Every structure is written in C-alpha cells, then in structure tokens.
1. When residues of segment 72-95 are filtered for being modelled with pLDDT of 80 or more and either assigned to a helix (DSSP H, G or I) or open to solvent by less than 80 Å² (accessible area, probe 1.4 Å) (or both), how many remain?
2. Which residue, of Val15, Val33, Val69, is in contact with a helix residue (DSSP H, G or I) (Cβ under 8 Å, 6 or more places away or on another chain), closer than 23 Å to Tyr84 by Cα and either open to solvent by 80 Å² or more (accessible area, probe 1.4 Å) or in contact (Cβ under 8 Å) with a residue 12 or more places away in the chain (or both)?
3. Please work out if Lys45 is assigned to a loop (DSSP other than H, G, I, E, B), farther than 18 Å from Leu88 by Cβ and modelled with pLDDT under 85.
4. How many residues does segment 1-12 hold that are touching a residue at least 24 places away in the same chain (Cβ under 8 Å) and either in contact with a Pro (Cβ under 8 Å, 6 or more places away or on another chain) or open to solvent by 100 Å² or more (accessible area, probe 1.4 Å) (or both)?
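The values are calculated or read from the model by the stated rules, or taken from the named source; none is laboratory data. Here the structure is a predicted model, which is why all the values come from computation and not from measurement. Methodologically, a virtual Cβ is constructed for each residue, glycine included, from the backbone with ideal geometry; neighbour enumeration extends over all protein chains shown. We work out accessible area using only protein heavy atoms, side chains counted, and drop any ligands, DNA or RNA first. Shrake-Rupley method; radii C 1.70, N 1.55, O 1.52, S 1.80 Å.
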Amino acid sequence: MWGDIAIAFLLAFIVTFMATPYTIKIARKVGAVDVPKDQRRMHKKAMPKFGGPAVILGFLVAIIYLLIVKSLESTIDLFGPEQYGMKLLRYAFRNHCDFNFLCF
C-alpha cells in the first residue's frame, strides 16, 4: 500500500515537473503573464500565472494510477455492484453541470 502511494507521489511530481515548462510557454502565448508595472509588485520580471494546469495534471495522473493499481489488485472494484466508478464521476461533475451531457 505505501509503495503504491510513494509511486503515485513520485509520478505526480515527475508529471508536474515535466509539464511546467509547457504551461509556461502556453502562458506566454495567451498572455497570462504578470508584468510588474509599479512598486507594489513583488517580482522584478514578468512571471507566468498559469501553473495550475500542470499541478492538476500531475494530481489526475496519480489518482488514475492509484485507481488502476487498486482495481488490478482487487482492493477496489470500480465497476462492481457498488459502482464506485459511476459514483466517482457523479461526485466529480456534481457541481459542474454547465453542460447537459455531463449531468447524470
């Protein structure tokens, strides 16, 4: 169990570390950059404000890894009688039903 958690942590770290330079490039292309214009700003040079997607990607990869490993070990049955997979999807999209195809 702890080995799987350690692997998921390392996987999240590596994915986030590898995705961050790409999100910086995207931030510069779309203009999501904090440019210091006055003395109130902390930074002296332009800083990208688009790091969230890299962190979310790392988190999602780690969660998907854990769900797959636990499903293969038969520790959790996502599509059994309890239907944990459907409950997880319902919970994830419960408050985000802006689109009709996401709401069940």
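1. So the answer is 1.
2. From the options Val15, Val33, Val69, the qualifying one is Val69.
3. no
4. Matching residues across segment 1-12 total 1.
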